[in-house]
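A short worksheet on the structure shown next.
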């Protein structure tokens, strides 16, 4: 086989794509369709709570088009990090959507479901064996971190997906997976170089985000050869350029020349980007370097409490000029008023938009004088009721706080919403972001073959 064509419809399953772009990709007779469905970008809540960050109907719409096209062309469809976070609940949620599509569209689907959630008992055993190490900036893991974690998933590499493809399936529905793997696995299985396949997967998993103008809701086609790969945006409004593809190669990396993943790194030191025409870019020279130990990344989230927020604004220059002192004073008022409550049972936090709400301590323009500020009052507490109580007090105290030089008497803040206090529910944080050393890359990723028929 001289080349393989891979169709990536969208940056994340459920983000959508124009059917016209998708049809242009199908016209080029791709060898398979692949899509990444998850990310840690939306934060730890979705893993910890066992819910998807993408909408069910949106996922169903995208997946229906992909599955119907796959059956028509006789090619497999591959989904990585199903359900967003790729734990068993997310897999089951996505599997239910597939079953519903099969019934509605009268499709007969052979589906390989690959689990990626690891039982705590197994992780505790590996912890005792010293098989878990930090992934900087994470520190050393503690036993209590594991015990307090709601769900633990591992990012699978190419091996479980390649094994699933041995079953001649219509769909691979994989739990948490290293982003490029659903794109790279069929290519490596077919004998193409791993470095090129994984690098191409690194670009395709974000689809037309890597084009210009970029979009997370549009299609991209990758053509892999034994000495290079070629990327093409399928919407005539977009194009791939050397700059857009090279820039995306740097995306989500701490080293411009190395991309770490399960079992090794993609070495980009000799990578070359060539503009073939006004729409396509050729990439060559990327290599895969196996590591001495095969490691997979673990992700776990634990519940830390409940959140209530209030969103307010001010454009009083007198208040803005002393905002830090005011906020600290209000925080102390809450501490004093609720002195009977242990301080470790709640936290009062402020985010100041218009000053440093985005970058925090890294903001270089923190000392500039904005004409208005957005203030997010956030309280995280042991219970939702306590979060509500502390937030209500903090919001009212800030609203009427008498700061030096104050002229206004009707209140310091403008509120966007009524009610002003918004209970936001459970709060999770990443408790595990570490590497697990394994002997067998497929050990923790069991595969189940399921037949779904429209008549069922």
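The values are calculated or read from the model by the stated rules, or taken from the named source; none is laboratory data. Here the structure is a predicted model, which is why all the values come from computation and not from measurement. For neighbour counting, all protein chains shown are included, and Cβ atoms are generated from backbone atoms with ideal geometry for every residue, glycine included.
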Q: Could you give me the residue pairs with C-beta distances under 8 Å whose first residue belongs to the range 252-264 and is under 13 Å from residue 199 (Cα atoms), whose second residue is at pLDDT below 85 and surrounded by fewer than 17 Cβ atoms within 10 Å (Cβ to Cβ) wherever it lies, and which are 6+ apart or on separate chains?
A: 259/253
Q: Give the number of residues within the range 242-286 that are assigned to a strand (DSSP E or B), closer than 24 Å to residue 215 by Cβ and within 25 Å of the chain's Cα centre (by Cα).
A: 1
Q: Select from the range 210-227 the residues that are closer than 16 Å to residue 283 by Cβ and surrounded by 20 or more Cβ atoms within 10 Å (Cβ to Cβ) and write down the one among them that is nearest to the chain's Cα centre (by Cα).
A: 210
Q) Only one of these conditions is not met by residue 351: (1) touching a strand residue (DSSP E or B) at 6+ places or on another chain (Cβ under 7 Å); (2) in contact (Cβ under 8 Å) with a residue 40 or more places away in the chain; (3) not in a loop (DSSP other than H, G, I, E, B). Which number is it? A) (2)
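Residue-by-condition table, conditions (1) modelled with pLDDT of 95 or more; (2) over 15 Å from the mean Cα position of the chain (by Cα); (3) more than 20 Å from residue 238 (Cα to Cα); (4) buried (at least 21 other Cβ atoms within 10 Å of the Cβ):
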| residue | (1), (2), (3), (4) |
| --- | --- |
| 21 | yes, yes, no, yes |
| 29 | yes, yes, yes, no |
| 41 | no, no, yes, no |
| 47 | yes, no, yes, yes |
| 50 | yes, no, yes, no |
| 53 | yes, no, yes, no |
| 63 | yes, yes, yes, yes |
| 80 | yes, no, yes, yes |
| 89 | yes, yes, yes, no |
Q: Give the residues of the range 408-456 that are more than 21 Å from residue 397 (Cα to Cα) and in a loop (DSSP other than H, G, I, E, B), sorted by residue number.
A: 439, 440, 441, 442, 443, 444, 445, 446, 454, 455, 456
Q. Out of all the residues in the range 88-99, is one or more under 20 Å from residue 53 (Cβ atoms) and touching a helix residue (DSSP H, G or I) at 6+ places or on another chain (Cβ under 6 Å)?
A. yes
Q | Test for residue 420: is it farther than 24 Å from residue 48 by Cβ and in contact (Cβ under 8 Å) with a residue 12 or more places away in the chain | A | yes
Q.
Of the conditions (1) at pLDDT below 95; (2) part of a strand (DSSP E or B), residue 111 satisfies every one except a single condition; which number is it?
A. (1)
Q. Given the structure, is residue 70 within 25 Å of residue 9 (Cβ to Cβ), touching a residue at least 40 places away in the same chain (Cβ under 8 Å) and not in a helix (DSSP H, G or I)?
A. no
Q.
With the requirement that a residue be within 34 Å of the chain's Cα centre (by Cα) and either surrounded by fewer than 14 Cβ atoms within 10 Å (Cβ to Cβ) or outside any strand (DSSP E or B) (or both), what does the range 291-322 give you?
A. 291, 292, 293
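Considering 435, 386, 373, which residue is farther than 23 Å from residue 327 by Cα and modelled with pLDDT of 95 or more? Can you show your working first?
Numbers: 386 fails: farther than 23 Å from residue 327 by Cα; 373 fails: farther than 23 Å from residue 327 by Cα.
Selected residue: 435, the only one of 435, 386, 373 that is farther than 23 Å from residue 327 by Cα and modelled with pLDDT of 95 or more.
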Q: Kindly state which strands (runs of 3 or more DSSP E) lie completely within the range 122-240 and contain at least 1 residues that are more than 30 Å from residue 44 (Cβ to Cβ), assigned by TED's automatic domain parsing to the domain that holds residue 260 and at pLDDT 95 or above.
A: 220-225, 229-233
